[in-house]
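Worksheet for the structure shown next.
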Amino acid sequence: MEDVRPEIDQEVCISCGACVEVCRFEVLKLRRSGVEACGIGRCIVCGACAVVCPSGALTHPAMPAERMRDLPAQPAVGYEDLMALLGQRRSIRRYTDEPVPEADLRRLVEAAILAPSGHNAQPWAFTFVTDSARLDEIRAAYAEFYRDLLARAADDSGREELAARHGEAALHMLDAMSGALRLIVRAHDRGDDRLMWHAPVLAMVHSTADAPVAEVSCTYAAANMMLAATSLGLGTCIVGFLNMPMLIDPGFMSVLDLPEGHVLRVGMAVGHPARRYLRSVVRREPPVTII
Ligand SMILES: Cc1cc2nc3c(=O)[nH]c(=O)nc-3n(C[C@H](O)[C@H](O)[C@H](O)COP(=O)(O)O)c2cc1C
């Protein structure tokens, strides 16, 4: 973690203790003389102290005021509005040709990085592929990968080899997905895209392979991106089939051209939806336990 510490202007500090209360790691102590930053090594630079201080006495070098956004005193979005937005987020599988402005892609990142991350590690990095020739290359590479995989899974010796190398569980997963994979391959042969749905943008959230709990953190970031996209009138669709080759042949993933040492966490199609959904869907009643 960066070696930066909160700074307290003792002249301005009112010793309310708010910063001490919100600090996850007891970096701050309330003493008779005022608030003092002590457990410095433990600061995870979450910024909670800087954004809770009512007097403006506490600042954090990693939290420049000009990059902060003032928050309203009440929740910015009411429950009904939020439910409507959550309902408007759908997996979009048909897009218009309209390009997505770079400014919107940057807004998606802005929203993504407000997500929580384990130990505030913010392990994420973002790559947007907007070049149609690159998108075609990726589509074609995946279609060929899956064509080959399906062929191997279709005969006994291929199945034995897959099971030996990747385990029975991988083979079961492959069998469960084979219908969708066949559709992707066949569609590709006729110029259709059932992988990324002809979206004008492929958004990827990635991180180094060894970053702790990065998969979960990047998934939260991706969820923020999807909601931000919805608020901007954009559509998204998670493309889980972009990740699957990682289990079979990690080397194949180089087709995505991610930075050295990075692995794909979430791949997502982004574009302008061709259709508008009129109603929210109805989900199954989930088991809920309240004790
Ligand atoms: C981990 C994950 C992987 C997914 N992979 C794909 C995919 O490869 N292709 C696709 O069209 N949709 C994919 N989806 C979208 C789901 O099919 C979709 O979320 C689900 O059917 C519910 O529909 P909704 O997103 O419109 O609410 C994926 C979703 C998740 C969470």
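Each value in this text was obtained by applying a stated rule to the coordinates, not by laboratory testing. Treat the numbers as computed from the prediction; the structure is a model and nothing was measured. A quick note on method: Cβ atoms are made from the backbone with ideal geometry, for glycine too, and the neighbour counts reach across all protein chains shown.
Here are a few things to note about the model shown:
- Distance from the Cα centroid of the stretch 249-281 to that of the stretch 105-136 is 10 Å (rounded to whole angstrom).
- Dipole magnitude for the stretch 11-101: about 360 debye, using +1 per Lys or Arg Cβ and -1 per Asp or Glu Cβ, origin at the Cα centre.
- Cα centroid of the stretch 1-71 to Cα centroid of the stretch 76-94, whole Å: 35 Å
- Shape of the stretch 92-154, Cα gyration tensor, a/c cut at 1.5: oblate
- Glu66-His119 FRET efficiency (beta carbon distance; Förster radius 25 Å; 0.05 resolution): 0.40
- Placed amide H near Thr96: partners under 5 Å, 5+ positions off or other chain: His272, Ala274
- Counting every alpha-carbon pair across the stretch 7-67, the share separated by more than 14 Å comes to 48%.
- J(HN,Hα) series, the stretch 45-51, from Karplus relation 6.51 cos²θ - 1.76 cosθ + 1.60, nearest Hz, glycine and proline x: 6, 7, x, 4, 4, 6, 8
- Note on the chain: Rg/Rh from C-alpha atoms, Kirkwood Rh, equals 1.06.
- Of Ser217, Leu256, Tyr277, farthest towards positive along the dipole that unit charges on Lys, Arg, Asp, Glu beta carbons give the stretch 88-277: Tyr277
- Cα gyration tensor category, rounded, prolate or oblate, for the stretch 131-252 with a/c compared to 1.5: oblate
- Nearest-20 debye value, the chain charge dipole, Cβ charges on Lys, Arg, Asp, Glu: 940 debye
- Dimensions of the stretch 189-291 along the principal axes, based on C-alpha atoms and rounded to the nearest Å, stand at 49, 42, 26, largest first.
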